[in-house]
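What follows is one structure encoded as structure tokens, with my remarks underneath.
The values are calculated or read from the model by the stated rules, or taken from the named source; none is laboratory data. Every value quoted in this text rests on a predicted model; they were computed, and no experiment measured them. Positions of Cβ are backbone-derived with ideal geometry, glycine not excepted, and every protein chain shown enters the neighbour counts.
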Amino acid sequence: MSDRRLDRRLQTLYACIEALFQAGSEQELLQCICDTLVADGEFLLAWIGYGENDPGKAVRPVAQAGHGRDFLEGATFSWGGEERGQAPAGAAIRTGKACWVDDIRTDPSFSPWRTAALAHGYASCMAVPLIAGAVDLHGTLNLYSAERHAFEQSAIAHFAGLATCLTRAVVALRGHLADDLTSGVTALRASEERRRAQEALHQAQTELAHVTRVMTLGELAASIAHEINQPLAAIIADANACLHWLDAARPPLDVVRETLVAIANDSDRAAEVISRIRAFLSRSSVPHGPCDPAEVIRGVLPLVHPELRRHGIILEMSLAADLPTVMGDRIQLQQVLLNLLMNAAEAMREVLPERRRLVVRSTVEHRDDGPWAVVAVEDAGVGFGNNGDARLFDAFYTTKPGGLGMGLSISRSIIDAHAGRLWATTNPGHGATFHVALPGMR
Amino acid sequence: MIAGLRDFEGGRISQRELHALHRSAIQDTIERFEATGSPVITDGEQAKHSFATYAIYGLETLAPDGVPISFADGHIRILPRVTAGPFRYKTPADVYLDIARPYAHVPLKQAVSSASALSLLYPQDGIRDYSRQQYLQAVVVELEGEIRRCLHKGAHVVQMDFTEARLSIRLDPTRRLLESFVDLNNLVLERFSVDERQRIGVHTCPGADRHSTHSAEVDYAELLPSLFELRAMNFYVQLASEPDRERVLKLIRTHAKDGQRIFVGVIDPLDPRVETPEDVSERVLQAAQYIPVDRLGTTDDCGFAPFSDDTSRTRETAFAKIRARVAGTALASRRLGLD
Ligand SMILES: Nc1ncnc2c1ncn2[C@@H]1O[C@H](COP(=O)(O)OP(=O)(O)OP(=O)(O)O)[C@@H](O)[C@H]1O
Ligand SMILES: [Mg+2]
């Protein structure tokens with residue numbers, strides 16, 4: 001072999017070795033090897049075929065380069081024992097050894113493809129199996145030359161060696177593919193499990209929130225019953241009065257009408273309280289929707305008013321006009337507010353009657369990410385001192401004889417689920433203030 | 001049909017004409033399938049381009065040069081490769097169900113691809129700004145939607161083609177990949193309730209190949225233990241073409257979980273000889289020795305679905321084979337005293 005040819009083969013080999021290390025995938029590697037092998041013009045066509053396990057035992061080209069794609073499209077190679085299995089492409093798979101045809105014009109084993117091959121200018125060809133040790137990819141690397149007797153012994157050994165390296169590289173890439181897929185699936189499984197755990201947590205939170213709502217309402221039951229009783233008593237008295245007036249010879253219809261209007265108003269008041277209670281007890285966790293914070297505040301008032309009145313607490317409201325709408329579960333937000341109001345009322349039970357003043361204040365805060373609605377519940381009660389501060393929001397932390405210590409912990413988890421913040425501050429004078437901040441709808 | 005698909009690819013007919021062709025091919029298949037007396041039928045999977053990739057055929061975010069893969073039918077296909085996110089189905093299976101349902105008078109089985117098959121379309125060197133995990137997540141979501149719609153639209157059962165099990169062992173002899181495949185498919189299956197899963201099945205043709213003496217062949221013994229880890233309730237298992245059916249049946253008995261129903265393949269679509277009802281009945285009776293009859297059913301080894309590059313199998317033979325399955329199954333249930 002001429003020095004120049006040897007030199008060129010070495011150059012090609014270096015380029016192939018580089019591909020073995022560089023290729024990101026099996027397909028890319030096979031294609032790159034074919035491209036490299038035809039690049040210097042020594043061969044007309046290079047292709048790699050894998051043997052199929054179908055009944056016809058076809059050799060399917062999976063990468064090819066050079067001159068004569070249509071030759072491969074038209075030709076069928078097999079790795080079975082019959083006529084179509086005699087070409088090097090199939091025979092090398094079947095036997096596991098390099099196979100070649102020195103002269104396509106005369107070699108009888110190549111007769112099914114002869115005409116097409118000669119038309120493409122091929123004079124000789126060779127196939128080396130993709131085998132490395134015990135690993136058999138069940139495929140071949142095929143080279144076609146314009147010269148007869150192009151594949152002498154040393155060339156065949158050279159390309160058989162390349163095929164072995166190629167086989168090893170393919171196996172490594174397949175191993176990586178397996179690794180990549182496995183780690184992708186593992187990561188997905190982990191994130192799915194996190195998602196499921198979060199859903200379960202959310203579910204548990206919703207149920208807990210419901211249970212504690214029921215309990216809170218239980219505590220309020222006496223005062224609420226009293227609250228409803230009042231309008232009912234008034235309705236009964238008014239109705240009796242009307243009946244009495246209607247018995248008269250000339251009933252005072254104006255007065256009767258006025259009284260009936262009062263009855264209607266009282267009924268509305270009672271009905272309103274009842275419908276608030278029912279909504280409040282509803283179990284369902286509704287999907288978050290737009291809520292007007294002022295509406296949320298007004299919604300809890302019928303539920304706490306009676307309790308506040310019973311303890312002689314004066315409620316003051318200061319609501320900003322331009323509060324942003326927030327996204328949330330209206331009932332759960334009401335629950336938070338109710339908890340804060342109840343705590344405030346409870347903190348003022350022991351203080352002097354004239355100090356029993358509770359302020360609900362709402363303000364807008366403009367932050368980097370837009371406006372936030374902030375609702376503060378400010379009392380003048382016993383306060384919590386600085387040492388209690390850290391544990392206030394812990395579950396089961398309570399300083400009350402009948403307390404459960406759940407109110408603030410539930411409230412905080414609700415506000416967290418709304419991407420908001422709940423915190424407490426000590427007032428300069430007396431008592432404490434609890435703040436709820438919720439991001440406005442974007 | 002196959003000619004039609006070529007014409008479409010060659011731009012000789014329009015998408016509309018291709019759809020019309022699908023429609024009439026499906027109608028014809030369903031009529032003939034029903035005529036075999038088979039209690040559950042398929043649309044013949046006419047419209048599928050190739051079973052791993054039908055749902056994504058024609059997507060713009062695909063390149064044609066993905067992994068060269070040897071499928072369970074022995075053919076090597078070069079899978080397409082996803083080139084960009086986000087991943088969405090183009091033609092989910094329920095679209096085919098919509099076409100087939102008006103023609104069908106008996107329950108329809110709808111095939112879908114598996115998440116594990118689709119997982120192979122993600123390129124080995126990754127996609128910028130679209131991680132493998134994101135891709136897999138999208139696949140799971142698409143498949144869940146597809147299966148749900150099929151169930152909702154009245155598919156009698158939805159059958160997930162899990163044919164790359166054998167391949168996975170060849171790629172990774174340590175079996176970690178197979179376990180990942182099972183895990184990934186379970187991520188889809190777990191999104192369904194136990195009741196819904198009664199109508200979801202998995203199809204496998206992982207058996208050893210008779211034609212092949214090839215050392216890389218993978219045996220059922222390596223696959224079945226993992227296979228039954230899939231949280232499906234119905235398994236369609238290739239058996240007819242197995243050289244040693246008894247051995248496979250024993251493996252099934254050992255590894256199948258309580259409540260999993262096994263539909264054994266009693267027809268070998270690759271065998272040019274048409275089985276007789278007697279052959280089928282014998283195969284069923286043999287299976288009944290290993291699988292309780294209330295959990296045993298019959299099926300064809302693999303669908304007769306024509307691949308778009310394969311014209312070899314004749315439809316006549318296919319329907320004759322299905323008739324033999326129906327008659328043979330009936331014969332066997334009489335012999336088992338079930339009628
Ligand atoms: N406005 C307040 N002023 C002073 N201390 C308060 C105030 N609000 C809460 N605390 C303190 O925080 C503790 C925890 O409050 P939290 O609402 O979580 O539980 P609780 O009120 O004790 O019981 P319940 O579960 O019935 O609400 C209270 O016991 C009290 O010590
Ligand atoms: Mg409390």
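Can you go through A:402, A:420 and tell me which one is assigned by TED's automatic domain parsing to the domain that holds residue A:327, more than 10 Å from ligand 2 (Cβ to nearest atom) and under 20 Å from residue A:211 (Cα atoms)?
A:402
Going by what's in this entry, would residue B:317 be described as outside any loop (DSSP other than H, G, I, E, B) and modelled with pLDDT of 90 or more?
Spelling it out, it is not the case that residue B:317 is outside any loop (DSSP other than H, G, I, E, B) and modelled with pLDDT of 90 or more.
Inside region A:1-39, can you point out the residues that are of a type in the set (Val, Ile, Thr) and within 17 Å of residue A:164 (Cβ to Cβ)?
Within region A:1-39, A:12, A:17, A:33, A:36 qualify.
On the given criteria, is residue A:426 surrounded by fewer than 17 Cβ atoms within 10 Å (Cβ to Cβ), more than 27 Å from residue A:290 (Cα to Cα) and either out of contact with any Gly (no Cβ under 7 Å at 6 or more places or on another chain) or at pLDDT 90 or above (or both)?
Against the criterion (surrounded by fewer than 17 Cβ atoms within 10 Å (Cβ to Cβ), more than 27 Å from residue A:290 (Cα to Cα) and either out of contact with any Gly (no Cβ under 7 Å at 6 or more places or on another chain) or at pLDDT 90 or above (or both)), residue A:426 qualifies.
Which condition number in (1) over 35 Å from the mean Cα position of the chain (by Cα); (2) within 14 Å of another protein chain (Cβ to nearest Cβ); (3) under 30 Å from residue A:341 (Cα atoms) is the one that residue A:268 fails?
Among (1) over 35 Å from the mean Cα position of the chain (by Cα); (2) within 14 Å of another protein chain (Cβ to nearest Cβ); (3) under 30 Å from residue A:341 (Cα atoms), the lone unmet condition for residue A:268 is (2).
If we keep just the residues of region A:1-36 that are out of contact with any Asp or Glu (no Cβ under 8 Å at 6 or more places or on another chain) and of a type in the set (S, T, N, Q), which is surrounded by the most Cβ atoms within 10 Å (Cβ to Cβ)?
Step by step, filter region A:1-36, then rank; the result is A:36.
Would you mind telling me which numbered condition in (1) buried (at least 22 other Cβ atoms within 10 Å of the Cβ); (2) modelled with pLDDT under 90; (3) more than 8 Å from every other protein chain (Cβ to nearest Cβ) residue A:52 fails?
Looking at each condition in turn, residue A:52 falls short on (3).
Look at residue A:161 and say whether it is free of Cβ contacts under 8 Å to residues at least 24 places away in the same chain and within 16 Å of residue A:16 (Cα to Cα).
yes
Count, please, the residues in region B:134-168 that happen to be among the charged types (D, E, K, R) and surrounded by 18 or more Cβ atoms within 10 Å (Cβ to Cβ).
Here the count works out to 6.
If you take the residues in region A:308-362 that are away from ligand 2 (no atom under 16 Å from the Cβ) and of a type in the set (Lys, Arg), which one is nearest to the chain's Cα centre (by Cα)?
The residue in question is A:330.
Among the small types (Gly, Ala, Ser) and touching a strand residue (DSSP E or B) at 6+ places or on another chain (Cβ under 6 Å) - does that describe any residue in region A:277-292?
No: region A:277-292 contains no residue that is among the small types (Gly, Ala, Ser) and touching a strand residue (DSSP E or B) at 6+ places or on another chain (Cβ under 6 Å).
Go through B:108, B:120, B:97 for me and flag whichever is under 27 Å from residue A:193 (Cα atoms) and among the hydrophobic types (A, V, I, L, M, F, W, C).
B:120
More than 21 Å from the chain's Cα centre (by Cα), of a type in the set (Val, Ile, Thr) and more than 10 Å from chain A (Cβ to nearest Cβ), is that true of residue B:127?
Taking the combined requirement at face value, the residue satisfies it.
Which of the residues spanning region A:229-255 are crowded, with 17+ Cβ neighbours inside 10 Å and among the β-branched types (Val, Ile, Thr)?
Selection gives A:235 alone.
Among the residues of region A:333-377, write down those that are crowded, with 19+ Cβ neighbours inside 10 Å, over 18 Å from residue A:219 (Cα atoms) and not β-branched (Val, Ile, Thr).
A:333, A:356, A:358, A:362, A:372, A:373
Here is a check on your reading of the model: is residue A:15 under 30 Å from residue A:178 (Cβ atoms), in a helix (DSSP H, G or I), among the small types (Gly, Ala, Ser) and more than 14 Å from chain B (Cβ to nearest Cβ)?
Spelling it out, residue A:15 is indeed under 30 Å from residue A:178 (Cβ atoms), in a helix (DSSP H, G or I), among the small types (Gly, Ala, Ser) and more than 14 Å from chain B (Cβ to nearest Cβ).
Among the candidates A:134, A:119, which residue alone is aliphatic (A, V, I, L, M), under 49 Å from the mean Cα position of the chain (by Cα) and surrounded by fewer than 17 Cβ atoms within 10 Å (Cβ to Cβ)?
After applying the criteria, what remains is A:134.
Within the set of pairs 6+ apart or on separate chains, which have a first residue in region A:408-424 that is of a type outside the set (A, V, I, L, M, F, W, C), a second that is more than 12 Å from ligand 2 (Cβ to nearest atom) and in a helix (DSSP H, G or I), and C-beta atoms under 6 Å apart?
What qualifies is A:413/A:205.
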